[in-house]
Amino acid sequence: MQIKEFDTVILGGGPAGFAAGMYAARGAVSTAIVDISMLGGQPSNYLELENYPGFSCIGGFELMEKFEEHADKFGIEKFSMQEIESIDLVSSPKVIKTKEFQFNAKTVIIATGAKPMKLGVPGEAEFVGRGVSYCAVCDGAFYKDKVVAVVGGGNSAVEEAMYLTKFASKVYLIHRRNELRADKIVQERASKCEKLEFVWDSVVKEIKGSDLVNTIVLENVKSNEKSELSVNGIFPYIGITPNVEGFSGQVAQDSRGFILTDETMKTSIDGVFAVGDVRVTPLRQVVTAASDGAVGAVYAVKYVEALKEVTV
């Protein structure tokens, strides 16, 4: 196993990770980005983005290519498709072992992101980006004057359903129970949305279409009766989960597993920072992930500089 020594190792090569890499490298510390898959993160799967500053409309893959090209100018070392064997954030130095390398780092910036919980039904994976979306803010505008469905009953599902009524001609909110879990004030607002229709006691069993989604199959959980609903898009909002495999429990996390940080992105462990969707944050967007990455990297650099002063 080859040993690699860096001042800063960034776990994750999405927008938060790339932004962190740029700021860390500009701070004159040796920097590496390590990812278990191809670089680019979730945005690489987005068909188009219309809310990233500077681009009225850009493909997600194209935007992340630009992030990577920018990062390359600073000489950041990149290690994609790494199979992680172990992560030790408590030791000094921090140690990340993969099948190929052992990375020793003075600081680690966690930028591993989060993933939406899937419905797990036929057609879901096939139609991602072609009618199946997990981000109303990202993709809502593409459904102007179309019919869409949102799945879920919590605050996120109801709020995103209301958001989609700005664009869609009709929004169905599908929930497996006969009452919402969302806060009462959110429910009251939703009840006033004329374009919003509730489908109670129902679950999605299948997503159908040709090139794009055109139908979803529903099952009533009480009667077991199945029906079909014509829609142009479906937005599952049954929750998200952070990508913390391999190091969960080493840093302070909330009840759902998201990492707790302060305003500098510092975690409960000295020298470990968390940025982007993996941390507790009120908004998960490409622009906020990049912002987090910048903040976390600046303070990671300060941490490295403080270590050097101590050893002088």
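A count restricted to region 1-22 and to residues that are on the phi < 0 side of the Ramachandran plot, buried (at least 24 other Cβ atoms within 10 Å of the Cβ) and not in a strand (DSSP E or B) stands at 9. Restricting L229, L218 to those that are surrounded by 19 or more Cβ atoms within 10 Å (Cβ to Cβ), touching a residue at least 12 places away in the same chain (Cβ under 8 Å) and within 30 Å of R177 (Cα to Cα) reduces the list to L218. Quick one: would you say S210 is surrounded by fewer than 13 Cβ atoms within 10 Å (Cβ to Cβ) and not assigned by TED's automatic domain parsing to the domain that holds T31? The answer is yes for S210. For region 99-147, which residues satisfy the criterion of being among the aliphatic types (A, V, I, L, M), touching a residue at least 24 places away in the same chain (Cβ under 8 Å) and out of contact with any Gly (no Cβ under 9 Å at 6 or more places or on another chain)? Matches in region 99-147: L119, V121, V128, A136, V137, A141. When the residues of region 156-178 are filtered to those that are closer than 21 Å to I240 by Cα and in a loop (DSSP other than H, G, I, E, B), the one that is nearest to the chain's Cα centre (by Cα) is H175. Within region 119-143, being out of contact with any Leu (no Cβ under 8 Å at 6 or more places or on another chain), farther than 25 Å from S291 by Cβ, surrounded by 15 or more Cβ atoms within 10 Å (Cβ to Cβ) and not β-branched (V, I, T) holds for L119, G123, E124. Kindly check whether there is at least one residue in region 249-259 that is surrounded by 23 or more Cβ atoms within 10 Å (Cβ to Cβ), farther than 30 Å from F18 by Cβ and touching a strand residue (DSSP E or B) at 6+ places or on another chain (Cβ under 6 Å). No, region 249-259 contains no residue that is surrounded by 23 or more Cβ atoms within 10 Å (Cβ to Cβ), farther than 30 Å from F18 by Cβ and touching a strand residue (DSSP E or B) at 6+ places or on another chain (Cβ under 6 Å). Before we move on, is L164 assigned by TED's automatic domain parsing to the domain that holds D211, out of contact with any Ser or Thr (no Cβ under 9 Å at 6 or more places or on another chain) and either among the hydroxyl-bearing types (S, T, Y) or touching a residue at least 60 places away in the same chain (Cβ under 8 Å) (or both)? When the stated conditions are applied, L164 passes them.
Of G14, G21, G60, G41, which residue is touching a strand residue (DSSP E or B) at 6+ places or on another chain (Cβ under 7 Å), more than 21 Å from D270 (Cα to Cα) and of a type in the set (G, A, S)? Residue meeting the stated conditions: G60. Only one of the listed residues (S268, S291) is assigned to a loop (DSSP other than H, G, I, E, B), polar (S, T, N, Q) and at pLDDT 95 or above. That residue is S268.
Here is a yes/no grid of residues against (1) touching a helix residue (DSSP H, G or I) at 6+ places or on another chain (Cβ under 7 Å); (2) within 17 Å of F101 (Cα to Cα); (3) in the same structural domain as G276 (by TED's automatic domain parsing):
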{"site": "D7", "(1), (2), (3)": "yes, yes, yes"}
{"site": "G12", "(1), (2), (3)": "no, yes, yes"}
{"site": "P15", "(1), (2), (3)": "yes, no, yes"}
{"site": "A20", "(1), (2), (3)": "yes, no, yes"}
{"site": "D35", "(1), (2), (3)": "no, yes, yes"}
{"site": "Q42", "(1), (2), (3)": "no, no, yes"}
{"site": "N45", "(1), (2), (3)": "yes, no, yes"}
{"site": "I58", "(1), (2), (3)": "no, no, yes"}
{"site": "E65", "(1), (2), (3)": "no, no, yes"}
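Screening S91 with (1) free of Cβ contacts under 8 Å to residues at least 40 places away in the same chain; (2) closer than 25 Å to E126 by Cα; (3) assigned to a loop (DSSP other than H, G, I, E, B) gives one miss only, at (2).
Do we find a residue being part of a strand (DSSP E or B) and without any contact (Cβ under 8 Å) to a residue 60 or more places away in the chain anywhere in region 241-252? Scanning region 241-252, I find no residue that is part of a strand (DSSP E or B) and without any contact (Cβ under 8 Å) to a residue 60 or more places away in the chain, so the answer is no. Put simply, of I240, I234 the only residue that is crowded, with 20+ Cβ neighbours inside 10 Å and either β-branched (V, I, T) or in the same structural domain as G276 (by TED's automatic domain parsing) (or both) is I234. Here is the figure for region 127-155: residues that are over 23 Å from L63 (Cα atoms) and either out of contact with any strand residue (DSSP E or B) (no Cβ under 7 Å at 6 or more places or on another chain) or in a loop (DSSP other than H, G, I, E, B) (or both) total 7.
Return yes or no: is A32 in contact (Cβ under 8 Å) with a residue 60 or more places away in the chain, in a helix (DSSP H, G or I) and touching an Asp or Glu at 6+ places or on another chain (Cβ under 7 Å)? Judged against the criteria, A32 is not a match.
The values are calculated or read from the model by the stated rules, or taken from the named source; none is laboratory data. Computed from a predicted model, the values in this text were never measured in an experiment. Cβ atoms come from the backbone with ideal geometry, glycine included; neighbour counts cover every protein chain shown.
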